Amino acid sequence: MLEILLWGAIGMLFYIYAGYPLLAIALGRLFPRPVLRGDFEPSVTVIISAYNEERSIGAKIRNTLALDYPKEKLDIIVASDASDDGTDRIVLDCAEPRVRLLRVEGRQGKTACQNAAAALADGEILVFADATTTVENHALRAIVRNFHDPDVGCVAGRLVYTSRQGDATGRGGISYWKYECALRIAESSLGSLIGVSGLLYGVRANSYRPIAPDLISDFVIAMDMREQGLRTVLEPEAVCYEETLDRSDRELSMRIRVTLRSLLALARNRHLLNPFRYGAFAWQLASHKLLRYLSPVFWLVAIVANIALAIQGQYVSLLLAQAAGIAVGALGFRSKQAVAGSRLLAQPYYFLLTNLSSAISLVRFVRGERVVVWTPLR
């Protein structure tokens, strides 16, 4: 029984991190579902949610206004979540009639701000972006051309992380995101993404439905599209850039918040896990999200079973290998000066960090904790 638990748990971890991605890539290449892209210039409203972003909002507005898109078809709404710094003033002082400020009182959170801005927007396409994200000049055109296909309801941009510090947190985040992007390209080719990067994505305005404020919008949006029979696809040429966090405590805090809100979204939309009704999307949702968030449970089972077997003199080397992996990963939680320049630490460290964040999030989810508002870490 202990051996069954050990190898069953290890088998699940292999499937989560290697088996499912390889299978998705293979199926995406064997049975691709192309997007019917074409010339399309609908009106676009870019929605920027912001809380105390006085250091970034001016540059973000200038970056958006400079995008290669007809001026008469592009406007911007900055949804300020009751900011108490200079964010609102900077937006109001902008000498550009296409830029509007929507102040949302009461600190209601990013998702509530997006809902309020979407209700006010005039554009046929809503493009959501973060205040700290830099978007390439042609990204908007690249996004909207996908909406030429009537089956497409949401289009994700391609996020590229950059790191100025070169520490384990930054390098681990970049490595993880490259892995994630390869998987998302495969899922998009296969049919639909099960989530997008919240830093840049577009949605048909007539398909946008208000999202509960305690849910993570960039995850829920793909589920909403699937319920409406629409696809969520990735546009590789719609590139945006964001700096990674440079401290492990900040990265852990962010991961816990995202995972906790995603677990709540999965619980409320668990009907989408029914493969008889939602087919491949249900399989992708279970494999990419649910099982990955449960990976610390499988890892704990593997460790406990391995310890019990090692006491009997079996699989001692495997236990030592697990302990060594945890020890190497734990080194990444030291100060960034101690791990700067370490490529060897980045991947095991980030694997440990993501599993730790999932474990903490699972405990907090079971306890009924919720996250609606937070202070930006960048």
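The values are calculated or read from the model by the stated rules, or taken from the named source; none is laboratory data. Keep in mind it's a predicted model, so treat the numbers as computed, not measured. Glycine also receives a Cβ, built like all others from the backbone with ideal geometry; neighbour counts cover every protein chain displayed. The protein model used for the area step is the full one, side chains on, heavy atoms only, and it has no ligands, DNA or RNA in it. Shrake-Rupley method; radii C 1.70, N 1.55, O 1.52, S 1.80 Å.
Quick look at the values:
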| quantity | calculated |
| --- | --- |
| Helix 316-331 vs. the chain, principal-axis angle (Cα, 0 to 90°, nearest 10) | 40 degrees |
| Gaussian network model of the chain, Cα within-10 Å springs - most flexible of ARG184, ARG367, ARG37 | ARG367 |
| Gaussian network model of the chain, Cα within-10 Å springs - most flexible of GLY198, GLY279, GLY123 | GLY279 |
| Order by protection proxy (mean Cβ within 10 Å, highest first), peptides 190-196, 56-62, 212-218 | 190-196, 212-218, 56-62 |
| Of all DSSP beta bridges in the chain, antiparallel share, percent nearest 5 | 25 percent |
| GluC sites (Glu not before Pro), loop per DSSP, at most 15 other Cβ atoms within 10 Å - longest free stretch of the chain | 106-368 |
| Spin-label pair ALA267/VAL372, simplified geometry with 7 Å Cα→Cβ offset, distance in nm | 1.6 nm |
| Per residue accessible area of the chain, 1.4 Å probe, in Å² | 44 Å² |
| For ALA82, residues with placed amide H under 5 Å, excluding near neighbours | VAL104, ARG107 |
| Estimated vicinal HN-Hα couplings, Hz - the stretch 299-315 in sequence order (Karplus 6.51, -1.76, 1.60; Gly, Pro = x) | 5, 4, 4, 4, 5, 5, 5, 5, 5, 4, 6, 5, 4, 8, x, 10, 6 |
| Fraction of accessible area attributable to carbon and sulfur, the chain (%, probe 1.4 Å) | 59 percent |
| With Cα atoms, 0 to 90° folded angle of helix 2-14 axis to the chain main axis | 30 degrees |
| Between helix 275-285 and the chain: long-axis angle, C-alpha atoms, 0 to 90°, nearest 10 | 80 degrees |
| For the chain, with +1 on Lys and Arg beta carbons and -1 on Asp and Glu, the positive-most of ALA302, ALA286, VAL35 along the dipole | ALA302 |
| Ellipsoid equivalent to the chain - semi-axes via the Cα gyration tensor, in Å | 37, 24, 19 |
| Amide H contacts of VAL152 (H built 1.01 Å from N, under 5 Å, at least 5 apart or other chain) | ARG231 |
| Sequence-distant residues sharing a close amide H with VAL46 (under 5 Å, placed H) | ASP75, ILE76, ILE77, VAL127 |
| Point-to-point label distance, ILE311-ASP68, nm (Cα→Cβ direction, 7 Å offset) | 6.6 nm |
| Given LYS73/LYS110; LYS73/LYS178; LYS178/LYS289, the pairs whose alpha carbons are separated by over 27 Å | LYS73/LYS178 |
| Within the stretch 101-157: Cβ-based charge dipole about Cα centre, in debye rounded to nearest 20 (Lys, Arg +1; Asp, Glu -1) | 220 debye |
| Isotropic mean projected area of the C-alpha convex hull, the stretch 157-297 (nm²) | 8.9 nm² |
| Check: the stretch 261-372 dipole with +1 on Lys, Arg Cβ and -1 on Asp, Glu Cβ, in debye | 480 debye |
| Residue-wise HN-Hα coupling along the stretch 112-127, computed from phi with Karplus coefficients 6.51, -1.76, 1.60 (Hz; x: Gly, Pro) | 5, 5, 4, 4, 5, 5, 4, 5, 8, 5, 9, x, 6, 10, 9, 10 |
| Cβ-defined net charge surrounding SER197, 10 Å radius [Lys, Arg +1; Asp, Glu -1] | -2 |
| Given charges at beta-carbon only (K, R positive; D, E negative), |dipole| of the chain in Debye | 800 debye |
| Of GLN284, GLN314, GLN347, the one that fluctuates the most in a GNM where the chain has Cα springs shorter than 10 Å | GLN314 |
